[in-house]
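A.B. asks: Supplied in structure tokens, the structure appears directly below.
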Amino acid sequence: MADIVLDKVSKSFPDGTVAVQDVDLEIADGEFVILVGPSGCGKSTTLNMIAGLEDITSGELRIAGQRVNDKAPRDRDIAMVFQSYALYPNMTVRENMAFPLRLAKLDKETINAKVDEAAKVLELVPLLDRKPANLSGGQRQRVAMGRAIVRQPKAFLMDEPLSNLDAKLRVQMRTVVSRLQKQLGTTTVYVTHDQTEAMTLGDRVVIMRGGAVQQVGPPQELYDHPRNLFVAGFIGSPSMNFLHAAVQDGSLHTALGEVPLGDRVRRELEAADAPRELILGVRPEHFEDAELVDEDTRRRGLEFEAPVEIVESMGSDKYVYFTVEGERASAAELEELAADAGAGDFAGGGGNLVTRLSAESPVVEGQSRRVWFNLEKIHLFDPTNGRNLT
Ligand code: ATP
């Protein structure tokens with residue numbers, strides 16, 4: 001068993017920077033966990049503490065049940081893969097992969113067998129005699145992974161391993177990493193700032209901000225039930241739209257019209273002692289061209305009409321930006337939270353409503369169009385603390 005447990009782990013640097021604060025995290029044996037968040041949120045520091053490359057200021061770190069706070073990195077039996085491949089240029093692929101095994105003083109036959117096996121898994125067999133200079137970026141990253149897996153460590157720690165690759169290769173390598181992790185079943189902690197990687201790779205995602213964990217859960221759960229404004233704005237691309245919403249006589253007054261409050265939500269608002277000014281969140285994919293919505297579906301949502309500003313055709317669907325009048329979310333707290341989350345201009349009170357409509361929608365830039373959105377998928381946030389009330 002190689003579970004990894006962080007128990008109130010914090011890290012302060014000598015200059016007073018608190019990089020990580022009271023992080024509690026239990027990573028199960030064999031689990032694939034992604035640490036994600038904006039730049040400077042403490043992901044790499046967290047990973048480096050697990051690796052033993054950074055001291056832990058307070059709290060406890062346990063690997064396979066053992067406290068390892070004071071253990072040297074080499075005694076933790078973990079392998080790290082970085083964004084820079086750090087291959088030895090004068091060694092062949094085989095020699096590079098064999099290197100950690102030679103250090104461990106294994107006999108030649110065992111080393112060769114292990115390298116051959118890893119090369120097969122990573123489809124590197126035809127490249128074993130090449131030098132790194134004669135490999136593509138993706139191949140080099142596979143060699144770096146090969147070097148990590150030959151040792152059969154208790155855990156893999158990966159810090160943005162794909163961020164040096166071009167977009168297409170990154171997508172290919174994502175599937176390689178995913179398949180490899182499933183095949184080996186080794187506990188893996190993977191750091192990225194790319195929310196697509198976070199959504200597609202891991203069993204669970206840990207969203208960090210300002211050194212603290214915001215939410216932990218399977219990707220779909222974070223997408224469907226973001227705990228706060230920050231998580232809602234961070235997960236999903238394009239980001240969720242945020243609008244000002246005033247509670248009045250049992251409904252919400254918004255720039256998209258009057259949104260009725262269901263009994264359940266109303267009860268929740270009462271129970272939560274929610275303020276009368278809220279933030280309405282609607283994801284781009286929960287809008288549709290009103291003409292393309294059948295009667296049954298129509299009843300589950302609301303329609304509004306707005307001028308089309310920009311249409312971006314994606315082939316399978318299109319992103320349509322609408323100009324909506326009226327008050328938009330502009331609370332200072334929201335602005336700060338959403339900007340951190342990369343939620344775009346709209347959150348700050350300017351900009352447009354972004355929607356993802358079917359490719360068949362005959363929208364024309366400059367003309368008005370009726371749009372439907374799904375009321376069953378909306379989110380309501382308390383702007384004073386960002387909490388999701390739905
Ligand atoms: P990125 O995605 O940009 O790599 P990150 O989420 O990995 O960011 P960390 O590298 O963990 O963030 O840094 C967390 C915080 O700690 C940042 O504010 C950073 O400036 C600070 N920090 C990192 N290393 C040091 C150091 N040696 N001394 C002081 N502060 C540091």
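A.B. asks: How about the stretch 115-145: which of its residues are within 33 Å of the chain's Cα centre (by Cα) and closer than 15 Å to Phe99 by Cβ?
C.D. replies: Result: Val115, Ala118, Ala119, Leu124, Pro132, Arg140, Val143, Ala144, Met145.
A.B. asks: Further question: What number goes with the only condition from (1) under 24 Å from Arg370 (Cα atoms); (2) assigned to a strand (DSSP E or B); (3) out of contact with any Gly (no Cβ under 9 Å at 6 or more places or on another chain); (4) not polar (S, T, N, Q) that Phe304 does not pass?
C.D. replies: Phe304 satisfies every listed condition except (3).
A.B. asks: Now for a separate question. Restricting to the stretch 146-155, what's the tally of residues that are within 27 Å of the chain's Cα centre (by Cα), buried (at least 22 other Cβ atoms within 10 Å of the Cβ) and either free of Cβ contacts under 8 Å to residues at least 12 places away in the same chain or not in a helix (DSSP H, G or I) (or both)?
C.D. replies: 1
A.B. asks: On to the next question. Might you let me know whether the stretch 156-166 holds any residue that is buried (at least 18 other Cβ atoms within 10 Å of the Cβ), assigned by TED's automatic domain parsing to the domain that holds Asn90, away from the ligand (no atom under 16 Å from the Cβ) and closer than 15 Å to Met97 by Cα?
C.D. replies: No, the conditions are met nowhere in the stretch 156-166.
A.B. asks: Please determine, by comparing only the residues of the stretch 190-216 that are charged (D, E, K, R) and assigned to a loop (DSSP other than H, G, I, E, B), which one is least open to solvent (accessible area, probe 1.4 Å).
C.D. replies: Restricting to residues being charged (D, E, K, R) and assigned to a loop (DSSP other than H, G, I, E, B), the top hit is Asp194.
A.B. asks: Which count do you get for residues in the stretch 265-290 that are touching a residue at least 60 places away in the same chain (Cβ under 8 Å) and either over 15 Å from Thr254 (Cα atoms) or within 23 Å of the chain's Cα centre (by Cα) (or both)?
C.D. replies: 18
A.B. asks: Which residue, of Thr110, Thr196, Thr175, Thr192, is within 16 Å of the ligand (Cβ to nearest atom) and without any contact (Cβ under 8 Å) to a residue 60 or more places away in the chain?
C.D. replies: Selected residue: Thr196, the only one of Thr110, Thr196, Thr175, Thr192 that is within 16 Å of the ligand (Cβ to nearest atom) and without any contact (Cβ under 8 Å) to a residue 60 or more places away in the chain.
A.B. asks: Has the stretch 81-88 got at least one residue that is modelled with pLDDT under 95, closer than 26 Å to Phe234 by Cβ, under 23 Å from the mean Cα position of the chain (by Cα) and among the β-branched types (Val, Ile, Thr)?
C.D. replies: Yes, that holds for at least one residue.
A.B. asks: What are the residues in the stretch 281-300 that are more than 17 Å from Gly236 (Cβ to Cβ) and either charged (D, E, K, R) or in contact with a His (Cβ under 9 Å, 6 or more places away or on another chain) (or both), if any?
C.D. replies: Asp289, Glu291, Asp294, Glu295, Asp296, Arg298, Arg299, Arg300
The values are calculated or read from the model by the stated rules, or taken from the named source; none is laboratory data. Given the structure is predicted, the values throughout are model-derived calculations rather than measurements. Reconstructed Cβ throughout: ideal geometry from the backbone, glycine too, with neighbour counts over all protein chains shown. The area values use the complete protein model at the heavy-atom level, side chains included, leaving out ligands, DNA and RNA. Shrake-Rupley method; radii C 1.70, N 1.55, O 1.52, S 1.80 Å.
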